[in-house]
Amino acid sequence: MVSYILRRLFFSAITVFFLLLVTFLLMHMAPGSPVDDILGDKGGRAEDRARLAHEAGLDRPLVVQFATYIYNFGRGDMGTIFATGQKVSEEIKARLPNTAKLALLAMLLASLIGIGAGLCASKWQGSWIDKLARGLTVLAISSPIFWFGLILIFIFAYRLEVLPPGGSGGGSFRYLILPALTLGLRPAAFIARVTRANMLDVLCEDYILTARAKGLSESRVILKHALRNILVPVVTIIGMDLGNLLGGTVITEVVFSFKGIGKFAIDAILNRWYEAIMAVALLWGIIFIAANLIVDLFYGVLDPRIRIETRLR
Amino acid sequence: MKFWRRLKSDKLAVISLGVIILVVLLAVLGPSLAPYDPYEKRLVPLPLAPGKEHLLGTDEHGVDILSKILYGARISLGIGLGATAIALFVGLMVGVVAGYFGGWVDGLLCRIIDLVMAFPSLLLIILIAAVMERGLLAVFLALGLVSWAGIARIMRGLALGLKEREFAESALASGSGHLRIIFRHIVPNSLSTLLVIFTMRLGGMILAEASLNFLGLGAGRDSPSWGAMVRFGKDWLVTAPWVSLAPATAIALTVLSFNLFGDGLRDALTPRMRAS
């Protein structure tokens, strides 16, 4: 287990390094420079351009710029947006909790809805409930996030006027409900699918037969004995879908004008704030890689069989 | 043929195929069917509501939404098809080479695949789109260049199995070169899997294209791109919901059809893949 963790950590570290390198090089190749942003394309006097480039450190060798960037990033200094003078780290510190709340609530809703729908579908396999659940999952997986978000806004914010149409309200719960539902729709569908398939498998197992033979109530059989066994596949799905979830937060935040990291990333790209783009890309990559690592290690805790198999290997 | 019978028995797949054919027809004939010019602006006080004049209403510039959607079908399908084709080609080549040659080539290519897949794809797409000049070309290349890794992994597994089969071994024994074996035996035997992957990825690709345009990384305000229409239409959600909801629904319907048809095709063509 220890060597497995070490190997995974090593590979994760390499991935983070490549992420740094790729982000840095891509941004270096990007059209337009911060100097152009301030003085206009090719505008200004040559010495002013040179002075600004020097202030931004753009005249130093590429390797030095890269090393400086890694060093500063490690210290938590993500640079300053050249055009506005905002500190990137401050902006991220203010927005990250909002995005985290949004993503967590979305996953919570997705798990509840998904597992619930999957359980019902497997319990009444082949009935209209099952068919309805299947239709809704396909629909949910195919719908663009922004389509669902706009419809929710239209119904709940404008027609019924019960929830705010957008904004983040300082992260208060009322402002989180619609975005979290929007973001959670896709994972909910995946979780429902996996729950249903795995429940149908598990319900045929001997220990379920034993539990029923012991005279346990149906709800106890399902909740205590069967549900436990679908946790691993459900966690797997959540882990595998993490990349999509990150992408989903971006779209959701744009739909709801939600003050989070994703909206910041898009603002940064549209305005060519290179420091901000690099910082967010890096942050995302690290979160994604770390989360994948945690999900992998989590299996060992959830399912002792996996722990033993890894040890034998 | 067994395949057709199996496909025909899947009602949803048949309906989705119908929708797909309709969308393709619209993409081809769109410009001649469109009742108005999607670039022609007229002075209107507010977006006009759907009615006899404009079936799906107009946007705030008086541009007919239906005409815009008809023109936009080309963009969605074109970029979706093109990007999927790039991803499929790169994935096929990398996967088959890795699986067929094995050894250090396989090791190296697998590490690269792992590395690409270790990043959230939208992150890479956004980074590429950020570097390039904004526009549809950026969207197209970013999508194509990021999505090959998963396909490569599937194709590697397939090639690994195929090269052990009798026909490949006998070809090698009778002196055929590696390239000949790859293109004569390995690739043709992967075609049904490729077709299934292609259909199943296409829906996702069209969705990704719409999302990027929705985020503003691609087409501009006047473009009939569906994603861009939703982006600029969402400001009118209260007073004129059709401006954004009509193109958004077009995207949803198209993606849904491709996904359903892909599922049906997979079940009919490769029954063994159904389990996964």
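Figures for the structure shown
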read-out	value
Qualifying residue in the range A:172-180 (condition: touching a Pro at 6+ places or on another chain (Cβ under 6 Å) and surrounded by 21 or more Cβ atoms within 10 Å (Cβ to Cβ))	yes
Residue match in the range B:59-67 (condition: without any contact (Cβ under 8 Å) to a residue 12 or more places away in the chain and surrounded by fewer than 20 Cβ atoms within 10 Å (Cβ to Cβ))	no
Qualifying residue in the range B:186-204 (condition: in a helix (DSSP H, G or I), without any contact (Cβ under 8 Å) to a residue 12 or more places away in the chain and surrounded by fewer than 22 Cβ atoms within 10 Å (Cβ to Cβ))	yes
Index of the failed condition, A:Thr99 passing every other in (1) over 30 Å from B:Met205 (Cα atoms); (2) surrounded by 20 or more Cβ atoms within 10 Å (Cβ to Cβ); (3) within 14 Å of chain B (Cβ to nearest Cβ)	(1)
Options B:Ser174, B:Ser170, B:Ser225: the member that is of a type in the set (Gly, Ala, Ser) and in contact (Cβ under 8 Å) with a residue 24 or more places away in the chain	B:Ser225
Residue tally, condition without any contact (Cβ under 8 Å) to a residue 24 or more places away in the chain, in contact with a Pro (Cβ under 7 Å, 6 or more places away or on another chain) and closer than 19 Å to A:Tyr158 by Cα, over the range B:238-261	1
Any chance A:Phe298 is over 12 Å from the mean Cα position of the chain (by Cα), touching a residue at least 60 places away in the same chain (Cβ under 8 Å) and in the same structural domain as A:Ser168 (by TED's automatic domain parsing)	no
Qualifying residue in the range B:160-169 (condition: away from chain A (no Cβ under 12 Å) and in contact with a Leu (Cβ under 9 Å, 6 or more places away or on another chain))	yes
Condition check for B:Ile181: more than 14 Å from every other protein chain (Cβ to nearest Cβ), crowded, with 22+ Cβ neighbours inside 10 Å and within 23 Å of B:Leu88 (Cβ to Cβ)	no
Subset of the range A:1-29 [within 10 Å of chain B (Cβ to nearest Cβ) and among the hydrophobic types (A, V, I, L, M, F, W, C)]	A:Phe11, A:Ile14, A:Val16, A:Phe18, A:Leu19, A:Val22, A:Leu25, A:Leu26, A:Met27, A:Met29
Residue that is modelled with the lowest pLDDT [pool: residues in the range A:215-273 that are outside any helix (DSSP H, G or I) and touching a Pro at 6+ places or on another chain (Cβ under 7 Å)]	A:Asp241
Residues that are more than 7 Å from every other protein chain (Cβ to nearest Cβ) and either closer than 13 Å to B:Gly204 by Cβ or aromatic (Phe, Trp, Tyr) (or both), drawn from the range B:238-256	B:Trp242, B:Thr254
Of all residues in the range B:114-146 being within 17 Å of B:Thr84 (Cα to Cα) and of a type outside the set (A, V, I, L, M, F, W, C), the one that is nearest to the other protein chains (Cβ to nearest Cβ)	B:Ser121
Any helices (runs of 4 or more DSSP H) falling wholly within the range A:43-132 and containing at least 2 residues that are on the phi > 0 side of the Ramachandran plot	none
Some residue of the range B:219-233 being assigned to a helix (DSSP H, G or I), among the charged types (D, E, K, R), more than 7 Å from chain A (Cβ to nearest Cβ) and within 30 Å of B:Ala159 (Cα to Cα)	no
Answer from A:Ile155, A:Ile151 - the residue that is at pLDDT 85 or above, surrounded by fewer than 17 Cβ atoms within 10 Å (Cβ to Cβ) and within 14 Å of another protein chain (Cβ to nearest Cβ)	A:Ile155
Selection status of B:Leu88, away from chain A (no Cβ under 14 Å), without any contact (Cβ under 8 Å) to a residue 40 or more places away in the chain, over 30 Å from A:Lys131 (Cα atoms) and surrounded by 14 or more Cβ atoms within 10 Å (Cβ to Cβ)	no
Residue check for A:Phe146: within 11 Å of chain B (Cβ to nearest Cβ), in a helix (DSSP H, G or I), at pLDDT 85 or above and within 20 Å of the chain's Cα centre (by Cα)	yes
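The values are calculated or read from the model by the stated rules, or taken from the named source; none is laboratory data. If you're wondering where the values come from, they're calculated on a predicted model, not measured in any experiment. Glycine gets a Cβ as well: all are built from the backbone with ideal geometry, and neighbour counts include every protein chain shown.
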